[in-house]
Amino acid sequence: MIILKHILVIAAILIAELTLGTGTVAAQEADVRVVIKDHKFVPAEITVPAGKKIKLIVENQDATAEEFESYELNREKVVPAKGQITIFVGPLSAGRYSFFGDFHKDTAKGVLIVQ
Ligand SMILES: [Cu+2]
């Protein structure tokens, strides 16, 4: 993806996080964690409840940066080497929402299963 698009997406997410007040404890929130290891998502399938805001923590255990990206979820965020990021999505309707690592597309694939 092009750099300008990345900057716009990151800016939009930052504004959304500021507006929504990241860090507030929402009763209707579900927390899930996924790890990036050897350029793969572990687990590759994550099941979350429908109709709830999802706090997705992405931890990168690799020595290289990765980018969490999902067209379905409209999210794109760099995960630094040995670092972690938090992504908020939802509330979502039931279905499958695929995501991938944009820097290692061949191996880093996953799906958020909402039910
Ligand atoms: Cu990208």
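The values are calculated or read from the model by the stated rules, or taken from the named source; none is laboratory data. Not measured: the values here are computed from a predicted model. Cβ sites come from the backbone with ideal geometry, for glycine too, and all protein chains shown count toward neighbours.
Quick look at the numbers
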read-out: Cβ-Cβ under 6 Å pairs, at least 6 apart or on other chains, region 75-87 side part of a loop (DSSP other than H, G, I, E, B) and modelled with pLDDT of 95 or more, far side of a type outside the set (A, V, I, L, M, F, W, C) and exposed (fewer than 15 other Cβ atoms within 10 Å of the Cβ); value: 81/64
read-out: Residue within region 82-97 that is within 15 Å of the ligand (Cβ to nearest atom) and surrounded by 13 or more Cβ atoms within 10 Å (Cβ to Cβ) present; value: yes
read-out: Unmet requirement for residue 100, which otherwise passes all of (1) under 13 Å from residue 39 (Cα atoms); (2) within 15 Å of the ligand (Cβ to nearest atom); (3) hydrophobic (A, V, I, L, M, F, W, C); (4) in a loop (DSSP other than H, G, I, E, B); value: (4)
